[in-house]
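This report concerns only the one structure given below.
Bear in mind that the values in this text are calculations on the coordinates, not laboratory data. Predicted model only: the values in this text are computed from it and were never measured. For neighbour counting, all protein chains shown are included, and Cβ atoms are generated from backbone atoms with ideal geometry for every residue, glycine included.
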Amino acid sequence: MDSQERSAREQEASERIGELEDAGVVAVALTYVDNSGITRVKTVPVAKLPAAAMWGVGMSPVFDAFRLDDMILSGTYAGSPVGDLRLHPDLARLTVLAGQPGWAWAPVDRYGQEGVAHPQCSRLLASSMVDDLAVAGLRARMAFEVEWAVSVGDGDDFLPACQGPAYGMIRVSELSDYSVDLLAALASQGVALDQFHPEYGAGQLEISVAAESPVDAADTFVLVRETIRAVSLRHGLRVSFSPKVLVEGVGNGAHVHLSLWSDEMNVMTGGDGEFGLSATAVSFSAGILDRLPALLAVGAPSVASYLRLIPSHWAGAFACWGLENRETALRFVTGPAGNRQQSANLEVKCFDATANPYLVVAGILAAGMAGLAEEASLPAPMDGDPAVLSSQARASAGIAALPSSLEEAVAAFEKDRALQTAFGVELATTLAELRRFEVELFAGASPAEIASLTRWKH
């Protein structure tokens with residue numbers, strides 16, 4: 001980051017102060033997501049925003065090594081008390097928070113004191129993967145689904161805030177005022193919503209947002225999640241984004257939708273491949289499918305993730321793909337006839353909200369680009385639930401179960417050259433060490449204990 005860029009950032013921030021003050025903003029929350037998937041923050045008074053934009057805000061790099069319980073890993077490249085980073089807000093995403101009057105928000109990129117990108121900054125990594133994809137003449141549009149469960153009461157137990165049936169209008173009626181306030185807050189913040197509905201689990205709701213560029217999609221995921229939390233608290237409610245709120249429940253996912261574009265053409269449709277996929281889309285999708293076991297260390301990165309990732313629960317527990325098949329890890333969505341050029345996309349179903357969304361973006365794009373380089377091909381699509389097939393039938397179809405534990409996912413991640421190269425040795429090593437640090441935390445714990453400790457962390 002040179003002096004010219006610093007000056008431009010300072011000027012832009014100075015020009016925004018008036019509108020923030022007119023909106024009653026007193027302070028700006030500057031957030032990043034750590035390697036355990038938890039949103040961390042520093043805040044500055046509005047008057048200090050230009051200085052933060054120009055010089056950044058100090059933050060220790062030790063947070064790269066934070067476990068979900070705030071214990072610190074003593075890792076190869078992370079966990080030291082020595083050093084400092086600078087948090088530089090992205091003013092293009094500066095947003096007045098409707099759910100937190102007096103506050104604005106901006107995501108940050110993390111740099112060293114000399115203005116060099118921090119090698120473990122997940123947002124900068126995601127941006128670099130977008131740039132690499134552009135070199136290949138392609139761009140991606142992505143969106144995260146946000147599922148959460150709403151609880152009443154002040155204790156750590158989960159007590160559903162609505163009692164109506166799954167997907168039922170009763171739940172909307174029970175939480176009508178809350179839902180209106182939430183949707184209004186998101187709309188006022190410029191979040192383009194596609195739909196909102198009750199989900200399957202106890203007290204569970206879901207929001208789908210419009211597709212954006214990959215880094216914007218990750219930013220929006222963070223903004224939506226924190227808006228849900230803030231509005232819920234103002235209504236006396238508590239929310240959980242955990243993959244297993246209750247052991248007997250279905251859990252919360254964070255499904256990722258992806259479409260791939262060349263110029264203004266969506267290459268997920270109009271091609272000669274299965275269901276209209278182009279050759280480019282086939283190879284890109286195959287790169288993701290082939291690396292799903294390794295990608296779980298990024299997209300299902302908690303011990304609790306594997307309480308959710310079980311067969312016949314629409315979680316995508318098998319490494320296969322299919323047309324509108326909600327039991328495959330990759331669900332291909334054509335969209336309605338007449339609108340497929342806009343709506344055809346691939347959904348990754350096996351990820352959850354304990355993930356850092358920027359790492360998810362980076363991992364998916366890196367895996368897809370590896371598939372392009374390999375000219376990878378997809379196996380035959382799966383029609384139906386792979387869990388009902390015999391193990392011999394699945395083997396004949398080339399369908400394997402995804403890792404059933406975080407340990408297995410980490411081992412696959414460490415073996416995947418494409419992901420190791422894309423993430424770099426420092427970040428890749430820290431992720432593997434941190435995941436094993438979490439495995440140590442839950443050694444010998446029951447599913448109920450795992451769910452309890454994870455429930456309110458993300």
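So the values come out like this:
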{"item": "Cα gyration tensor shape of the chain, rounded if a/c is under 1.5, else prolate or oblate by comparing a/b with b/c", "result": "rounded"}
{"item": "Neighbour-count ranking [beta-carbon atoms within 10 angstrom, fewest first] of Asp383, Asp154", "result": "Asp154, Asp383"}
{"item": "Over 23 Å (Cα to Cα) - which of Lys48/Lys457; Lys42/Lys349; Lys244/Lys349 fall in this group", "result": "Lys48/Lys457; Lys42/Lys349"}
{"item": "Gained length - Val180 relative to Leu91, 0.36 nm times residue gap less alpha-carbon distance", "result": "29.2 nm"}
{"item": "For Met169, Met268, Met59, order by how many other beta-carbon atoms lie within 10 Å, fewest first", "result": "Met169, Met59, Met268"}
{"item": "Simple label model, 7 Å out from Cα along Cβ direction - Val152 to Leu323, nm", "result": "4.6"}
{"item": "Distance between modelled label sites at Leu159 and Asp194, nm, 7 Å Cα→Cβ extension", "result": "3.6"}
{"item": "CD proxy at 222 nm, helix term only [per DSSP H run n ≥ 4: -39500 (n - 2.57); per residue of the chain; nearest 500]", "result": "-11500 deg cm²/dmol"}
{"item": "Paramagnetic reach from Ser3 (point 7 Å along Cα→Cβ, amide N under 16 Å) across the stretch 42-61", "result": "54-55"}
{"item": "For Leu85, distant residues with modelled amide H under 5 Å away", "result": "Met59, Ser60"}
{"item": "Exposure proxy ranking, count of Cβ atoms within 10 Å, fewest first, for Glu226, Glu5", "result": "Glu5, Glu226"}
{"item": "For a label point 7 Å along the Cα-to-beta-carbon line of Ala187, residues of the stretch 73-102 with backbone N under 15 Å", "result": "98-99"}
{"item": "Shape call, the stretch 339-456: gyration tensor on alpha carbons, a/c limit 1.5", "result": "oblate"}
